[in-house]
Amino acid sequence: MNIATVWALQFDTLWLSLPIRQWIIWALWLFLGFFGIFPGIVAYMVWGERKAAARFQDRIGPNRVGPLGLLQPIADALKLITKENIVPRDADYRVHLLAPVVLLVSAFLVLAVIPFGFGWDEPVQDAAGQVIGHRLAGLVAVDLPAGLLYLVAVSSLSALGIFLAGWSSRNKYSLLGAMRAVAQLVSYEVPQVLATIPIILWAGSLSLVTIVNQQVDFGWFIFTPPGFLAFCLLTISSIAEVNRAPFDLPEAESEIIAGYHTEYSGMRFGLFFLAEYLSVFGVSCLGTVLFLGGGAFPFTDFPRNLLSDRTASLVLVNALTVGSFSIKVILYVFLMFWVRATLPRMRVDRLMNFAWKYLVPLGIINIVFAAIWYECVFGHNPYYIPFFRDYLYGWLITLPLVVIAVVGIIMLNRVLAPSRTAPVSARRPTTRSSSVLR
Amino acid sequence: MLLIYRYILVGLLLLGAIGFALAPLLVVALVAPSKRSRSKSDIYECGVLTTGETWIKFRIQYFVYALLFVIFDVETVFLYPWAVSYGGLGLFALIEMVVFLTILTIGLAYAWAKGVLQWV
């Protein structure tokens with residue numbers, strides 16, 4: 001038993017014997033982190049998006065309020081607070097109030113199980129209480145053993161919030177937007193969940209901390225053919241889940257004003273805005289944890305081997321891993337900004353087709369590929385350390401399978417799709433008058 | 001840390017999140033001006049008064065998609081425990097799951113062939 005174990009054991013017993021006052025202090029720190037830092041990050045993400053979008057369109061972006069427009073988010077928040085709150089006369093005012101709250105709660109709770117850094121070394125005990133190994137405890141608010149299941153459950157609450165908003169406003173555009181949103185959210189939730197199954201298979205756990213540990217030991221999951229495919233599926237469906245371009249049909253301003261939040265103004269609209277960007281942050285963190293190794297550095301054991309029982313090493317390792325986590329999340333979020341600046345909005349029928357005819361079949365097949373990779377690389381012995389040869393076999397078998405699957409699904413859709421050469425109008429029975437109008 | 005404490009923490013975070021969402025609304029109620037008028041609280045659609053029923057029955061297609069979603073969501077409920085315990089199960093579990101996935105894929109193919117997946 002080394003020093004780290006003793007320290008960790010002490011920490012664990014200390015934890016349980018904490019007096020209630022300490023618990024309260026700790027909970028306050030957690031709350032400060034949760035409700036102080038994350039809204040701040042989100043506010044500057046909005047600033048970052050405005051700057052990035054401006055650069056993509058050859059503009060300068062916000063530059064009036066403070067240096068580089070850095071005080072813009074504060075000014076925006078002040079403006080939202082001082083605006084009048086207008087609730088339509090015919091709206092269901094209780095539900096109208098409830099909807100942004102539900103959405104924001106869903107966006108916040110997702111972040112509870114995300115490990116932002118390595119944390120400290122923690123002994124792993126078997127059922128008899130014997131220490132059988134170590135793992136990183138993770139810098140996480142709550143390490144739930146069923147973390148991923150919890151995350152999926154909580155993030156799908158957002159569909160409820162959006163529908164409540166659209167329904168309660170008693171506005172036709174709101175209702176249209178909400179119905180589109182729910183159809184889109186439930187459709188894209190299926191490939192999103194299917195894309196996480198390879199990860200659970202390889203990590204053998206639903207806890208996000210264990211998933212990060214597994215990637216520290218065996219390399220990032222994105223560096224495998226099934227893992228890369230799953231990463232693409234997860235990224236695409238995550239962009240759709242947070243209603244961002246090119247999947248922003250529910251709030252398509254050229255068609256349905258602002259969709260489900262047409263009737264929201266002032267701070268209630270601000271809450272929708274906050275929830276949207278918070279969930280962008282949440283899905284970026286999720287993608288980083290599942291596929292990009294959380295706070296781990298690529299191809300090295302570097303920050304972990306510095307970990308000892310000294311406070312300085314603990315601080316250093318966590319600073320390094322939180323830094324690397326932040327860089328990955330920033331790149332991920334920037335990818336979303338980039339996609340938004342590049343791609344035009346999809347048509348609603350293509351949107352639904354894309355989920356059910358491309359992403360879902362690929363997600364299902366990918367589970368089998370992930371199991372094949374598991375057989376090639378990990379075997380069924382938990383103490384087996386894979387050789388280079390095992391990885392080579394894994395690549396040689398799964399890479400062609402993944403390529404064949406992607407090409408096959410695209411070809412299948414080409415063959416089965418309604419004729420592309422005939423225009424839409426030719427497929428519908430038209431009358432003379434309507435064709436004149438068109 | 002015992003498991004129950006973790007879920008208590010989740011509950012605390014839930015309360016915190018609700019408080020965080022309601023706090024700015026409270027501030028708005030105290031700070032922001034409130035000048036209500038009849039035309040201001042009209043439904044904002046396109047400048048003229050809204051006509052007809054808004055809370056309508058929606059199309060059957062939404063329902064069909066919801067059914068499909070439920071089917072695949074239940075599928076993932078089965079797949080999650082399988083994936084977690086796959087390491088201890090062996091090759092037989094893989095074959096079992098391939099059979100299960102094949103049945104599901106046939107279901108999806110049937111829905112596809114029936115034209116359910118075609119949004120109109």
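The values are calculated or read from the model by the stated rules, or taken from the named source; none is laboratory data. Quick caveat, the model's predicted, so the values are computed rather than measured. Please note: Cβ atoms are built from the backbone with ideal geometry, for glycine as well, and neighbour counts cover all protein chains shown.
Give A:Phe325, A:Phe272 a once-over and let me know the one that is buried (at least 24 other Cβ atoms within 10 Å of the Cβ), of a type in the set (Phe, Trp, Tyr) and in contact (Cβ under 8 Å) with a residue 40 or more places away in the chain.
Sole residue among the options that is buried (at least 24 other Cβ atoms within 10 Å of the Cβ), of a type in the set (Phe, Trp, Tyr) and in contact (Cβ under 8 Å) with a residue 40 or more places away in the chain: A:Phe325.
What number of residues within region A:31-41 satisfy the criterion of being within 13 Å of A:Leu274 (Cβ to Cβ), within 12 Å of chain B (Cβ to nearest Cβ) and among the aliphatic types (A, V, I, L, M)?
0
So, restricting to helices (runs of 4 or more DSSP H) that lie completely within region A:143-234, which ones have at least 1 residues that are within 9 Å of another protein chain (Cβ to nearest Cβ), more than 18 Å from the chain's Cα centre (by Cα) and buried (at least 23 other Cβ atoms within 10 Å of the Cβ)?
Once the helices (runs of 4 or more DSSP H) in region A:143-234 are filtered for at least 1 residues that are within 9 Å of another protein chain (Cβ to nearest Cβ), more than 18 Å from the chain's Cα centre (by Cα) and buried (at least 23 other Cβ atoms within 10 Å of the Cβ), what remains is A:172-203.
Is there a residue in region A:409-424 that is modelled with pLDDT of 80 or more and not aliphatic (A, V, I, L, M)?
So far as region A:409-424 goes, yes, one or more of its residues are modelled with pLDDT of 80 or more and not aliphatic (A, V, I, L, M).
Examine region A:118-129 for a residue that is more than 13 Å from chain B (Cβ to nearest Cβ), among the acidic types (Asp, Glu) and buried (at least 17 other Cβ atoms within 10 Å of the Cβ), and state whether such a residue exists.
yes
Could you tell me whether region A:79-88 includes any residue that is over 20 Å from A:Val46 (Cα atoms), without any contact (Cβ under 8 Å) to a residue 24 or more places away in the chain and surrounded by fewer than 16 Cβ atoms within 10 Å (Cβ to Cβ)?
Within region A:79-88, not a single residue is over 20 Å from A:Val46 (Cα atoms), without any contact (Cβ under 8 Å) to a residue 24 or more places away in the chain and surrounded by fewer than 16 Cβ atoms within 10 Å (Cβ to Cβ).
For (1) modelled with pLDDT of 80 or more; (2) in contact with a helix residue (DSSP H, G or I) (Cβ under 7 Å, 6 or more places away or on another chain); (3) assigned to a helix (DSSP H, G or I), each residue gets a yes or a no:
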position	(1), (2), (3)
A:Trp7	no, no, yes
A:Leu18	no, no, no
A:Val46	yes, yes, yes
A:Ala54	yes, no, yes
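Would you please list the contacts, defined by Cβ atoms under 6 Å and residues six or more apart or on different chains, that run from a residue in region A:112-132 that is without any contact (Cβ under 8 Å) to a residue 40 or more places away in the chain and farther than 21 Å from A:Val315 by Cα to a residue that is of a type outside the set (A, V, I, L, M, F, W, C) and part of a loop (DSSP other than H, G, I, E, B)?
A:Ile132/A:Asp126
Filter region B:30-68 for residues that are within 33 Å of the chain's Cα centre (by Cα), more than 8 Å from chain A (Cβ to nearest Cβ) and at pLDDT 80 or above and give the result.
Answer for region B:30-68, where residues must be within 33 Å of the chain's Cα centre (by Cα), more than 8 Å from chain A (Cβ to nearest Cβ) and at pLDDT 80 or above: B:Phe63, B:Val64, B:Leu67.
Say whether the condition of being away from chain B (no Cβ under 13 Å), more than 21 Å from the chain's Cα centre (by Cα), among the acidic types (Asp, Glu) and under 25 Å from A:Ser168 (Cβ atoms) is met by at least one residue in region A:272-280.
No: zero hits.
In this structure, is B:Ile95 more than 9 Å from chain A (Cβ to nearest Cβ), modelled with pLDDT of 85 or more and under 25 Å from A:Ala417 (Cβ atoms)?
It is false that B:Ile95 is more than 9 Å from chain A (Cβ to nearest Cβ), modelled with pLDDT of 85 or more and under 25 Å from A:Ala417 (Cβ atoms).
Would you check which residues across region B:3-29 are facing chain A (nearest Cβ under 8 Å) and either at positive phi or more than 24 Å from the chain's Cα centre (by Cα) (or both) and list them?
Passing the criteria: B:Leu3, B:Arg6, B:Pro24, B:Leu25, B:Val27, B:Val28, B:Ala29.
Looking at (1) surrounded by fewer than 14 Cβ atoms within 10 Å (Cβ to Cβ); (2) at pLDDT below 80; (3) more than 7 Å from chain A (Cβ to nearest Cβ), which is the one condition that is false for B:Thr102?
For B:Thr102, the failing item is (2).
Specify which of the listed residues (B:Leu68, B:Leu91, B:Leu79) is closer than 30 Å to A:Arg170 by Cβ and of a type outside the set (Ser, Thr, Tyr).
Just a single option satisfies the conditions, and that option is B:Leu68.
Starting from residues that are closer than 19 Å to A:Phe163 by Cβ and of a type in the set (Lys, Arg), keep the ones in region B:38-64 and report whichever is surrounded by the fewest Cβ atoms within 10 Å (Cβ to Cβ).
By that ranking, first place goes to B:Lys57.
Could you tell me which numbered condition A:Val242 fails, if it satisfies all but one of (1) crowded, with 20+ Cβ neighbours inside 10 Å; (2) modelled with pLDDT under 85; (3) not charged (D, E, K, R)?
Answer for A:Val242: the failing condition is (2).
List every residue pair whose Cβ atoms lie under 7 Å apart, where the two residues are 6 or more positions apart in sequence or sit on different chains, the first residue falls within region B:101-120 and is without any contact (Cβ under 8 Å) to a residue 24 or more places away in the chain and closer than 16 Å to A:Val190 by Cβ, and the second residue, located anywhere, is of a type in the set (Asp, Glu) and surrounded by 14 or more Cβ atoms within 10 Å (Cβ to Cβ).
Going by the 7 Å Cβ cut-off, there are no qualifying pairs.
Residue by residue through region A:380-402, note down the ones that are under 17 Å from B:Leu94 (Cα atoms) and modelled with pLDDT of 80 or more.
A:Gly394, A:Ile397, A:Thr398, A:Leu401
Looking at region A:59-75 only, could you name the residues that are in a helix (DSSP H, G or I) and crowded, with 18+ Cβ neighbours inside 10 Å?
Across region A:59-75, the qualifying residues are A:Gly69, A:Gln72, A:Pro73.
How about region B:69-92: which of its residues are surrounded by 19 or more Cβ atoms within 10 Å (Cβ to Cβ) and more than 7 Å from chain A (Cβ to nearest Cβ)?
B:Glu75, B:Trp82
Please enumerate the residues belonging to region A:356-415 that are crowded, with 21+ Cβ neighbours inside 10 Å and not in a helix (DSSP H, G or I).
Passing the criteria: only A:Phe378.
Hey, can you tell me all the residues within region A:275-301 that are among the aromatic types (Phe, Trp, Tyr) and touching a residue at least 40 places away in the same chain (Cβ under 8 Å)?
A:Tyr277, A:Phe281, A:Phe291, A:Phe299
List the number of the failed condition for A:Leu335; all other conditions in (1) under 30 Å from B:Leu67 (Cα atoms); (2) assigned to a helix (DSSP H, G or I); (3) not hydroxyl-bearing (Ser, Thr, Tyr) hold.
Condition (1) is where A:Leu335 drops out.
Show the residue pairs meeting these rules: Cβ distance below 7 Å; 6+ apart or different chains; first residue within region A:231-252 and under 15 Å from A:Ala159 (Cβ atoms); second residue of a type in the set (Gly, Ala, Ser) and part of a loop (DSSP other than H, G, I, E, B).
Qualifying pairs under 7 Å: A:Glu251/A:Ala258.
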